[in-house]
Every structure is written in C-alpha cells, then in structure tokens.
1. What residue among 67, 90, 213 has the largest mean-square fluctuation in a Gaussian network model of the chain, using Cα springs under 10 Å?
2. When Rg is the radius of gyration of the Cα atoms in the range 103-232 and Rh is its Kirkwood radius, what does Rg/Rh come to?
3. From the helices alone, meaning DSSP H stretches of at least four residues, give me the mean residue ellipticity at 222 nm for the chain, per-run term -39500 (n - 2.57), in deg cm²/dmol to the nearest 500.
4. Under the rule a/c < 1.5 gives rounded, and otherwise a/b versus b/c splits prolate from oblate, where does the range 79-132 land using the Cα gyration tensor?
5. Ignoring ligands and nucleic acids, what accessible area does residue 195 show with a 1.4 Å probe (Å², nearest 10)?
6. If contacts are Cα pairs under 8 angstrom and at least 6 residues apart, what is the relative contact order of the chain in percent?
7. Taking R0 as 45 Å, what FRET efficiency do you get between residue 35 and residue 229 from their Cβ-Cβ distance, rounded to the nearest 0.05?
8. Which of rounded, prolate, oblate describes the range 169-235, given a ≥ b ≥ c as roots of the alpha-carbon gyration tensor eigenvalues and a/c under 1.5 marking rounded, otherwise prolate only if a/b is larger than b/c?
Amino acid sequence: MSSLRNIFGTDTENYDRFRPRYTNELFEFISSKTSGKNALEIGSGSGQATEWFLSHGYEVTCCEISEEFCAFLKEKYKNYPITVENLPFEDFEGENESFDLIFSATAFHWVDKDIGFQKLYDLLKKGGTAALFWNVPYGAYDNEALHNDIQKAYNSDRKWESEPKEKYGFCREYLEKYHFADIEKHIFRGVRKLTSDEYISLLETYSDHKSMEKNKKEELYKNIASAIEKHGGYINILDNIELYLARRK
C-alpha cells in the first residue's frame, strides 16, 4: 500500500484536471459545522478540496506525501494563506489542540488507522471538527449496456458495482474508539459527463490503473474507449461522496 500511495504525484496536471472537485453543498455543510478557520488537510493532492476552503477564508496546512503535489500546491495557491508539509500524516508534528477543522478528501484510507485517528483527535481543538470524505464514482450508472461493455473490458479483473454501497464504514468504528462525539454520516452526490478521452485520463489518476502492466493497460483503455464511442461518445459518472463528520469532546 505504501508504494501505491506515492504514485499519484507522477502526473500533477492530469490529476488536477480530471479529479472531481466534490460539491459546494458538501463544503458548505462542513463549514457550517466548524467554529473556526484554522484547518489541516490530510492528503491534499493537487487541491481538489483545498481550493474551496482557501477561497472561503480558511488558513490551511496541507499534509501531502508527494513532492510533486507539494510544489504544485505552493505555486497554485501562492496568494492564499497556505502551508505545505511534505510528509505522511503519521509523521506530522503539530501542537495539540491547534486546529478548528481537520479534513481529508479521498485520502484517509492510506493512513494507519490507529495512529491516524488518535492524532486526529489530539490535533483538534476541543469542539473542533473532523471531516473525512471519499468520492466513490460509478461510471455509466445510467446506461446498462455501456456499463456491461466496460465490465467486459476488465475481463473480470475489476467488479463494477451496479449501485452505490457503503465503503468507508470503518470510520464510525474508529471515531467511536477514539472518543469522538456527535458522529454523523452523510451522502452528497454529483454527476459528470466525460468523453472517452477524458474518461481514460481520469482512470489514469487512480493508483490501481496507473500501476498496471503497460500492454495490459493499453488494451484495457482501447476497449473502454471503444465501448464509450459505441454508446454515444460520452459516459456519465455518478459521484457518490461519503462523509463522516465528528467533533472532539
């Protein structure tokens, strides 16, 4: 797992362009549950979640393992109150009870759970908010024929779910274990429409695709692109965003 979590920064421009920006509804909800504007982000990537908080008056400390993403963040948001730390969250050293909000967007599953949840609790101010969320996209959710053709392209190497299912339920268990209060789960949704080229570029931002053997991946991408072209040239993606929210006592 550790090798895979280092793979994302190898193509920062593509990642920044094609990874979804989540929804304003999600961010507004998190903000409404937060009393201050000093925030820590775990696994910032190229800033898909960072951007909203910076543009809404938050000071954000980014904890990001990729050197390439760190450089990207510093340049892209140089006119905002941002601090970028190039290290995994397990190694982050901050003053206890120093953040109003700690959030992580499709990244906290890379963190050691016991180290991560304990540190999450310690770094938050009393009454501070933890917001852990993931986007679980469902491609061709509205087109069964396209969905089935893409499924065939994977030759059973990857199972597509036909509908959104809970994926990060471990959060509740660990938030309870480390004595967080007011634990909530919410779902936010959005839809994207991508061409075949755009969809292939999106797939190339995911670690399991990026790390595939070259010839196998080229064949897969060719078959997926052909399926999308066969069914109208576009694929609609349902973004199913799973949010776990909690407060430090």
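The values are calculated or read from the model by the stated rules, or taken from the named source; none is laboratory data. Remember, predicted model here, so these are calculated numbers, not experimental data. Cβ placement follows ideal geometry from the backbone for every residue including glycine, while neighbour counts extend to all protein chains displayed. To get the accessible areas, we keep the full protein, side chains included, count just its heavy atoms, and leave off ligands, DNA and RNA. Shrake-Rupley method; radii C 1.70, N 1.55, O 1.52, S 1.80 Å.
1. Of 67, 90, 213, the most mobile in the Gaussian network model is 213.
2. On the way: Rg = 18.5 Å, Rh = 17.3 Å.
Reported Rg/Rh, Kirkwood definition of Rh: 1.07.
3. Working: 10 runs with 90 residues, N = 249.
Computed ellipticity for the chain at 222 nm equals -10000 deg cm²/dmol.
4. On the way: a/c = 1.39, a/b = 1.07, b/c = 1.30.
Rounded shape, in that the Cα axes give a/c under 1.5.
5. My reading of the accessible area for residue 195 is about 40 Å².
6. Working: 443 pairs, mean separation 58.9, N = 249.
Relative contact order comes out at 24 percent.
7. Working: r = 50 Å, r/R0 = 1.12.
Once the sixth-power term is evaluated, E becomes 0.35.
8. Working: a/c = 4.84, a/b = 2.06, b/c = 2.35.
Oblate.
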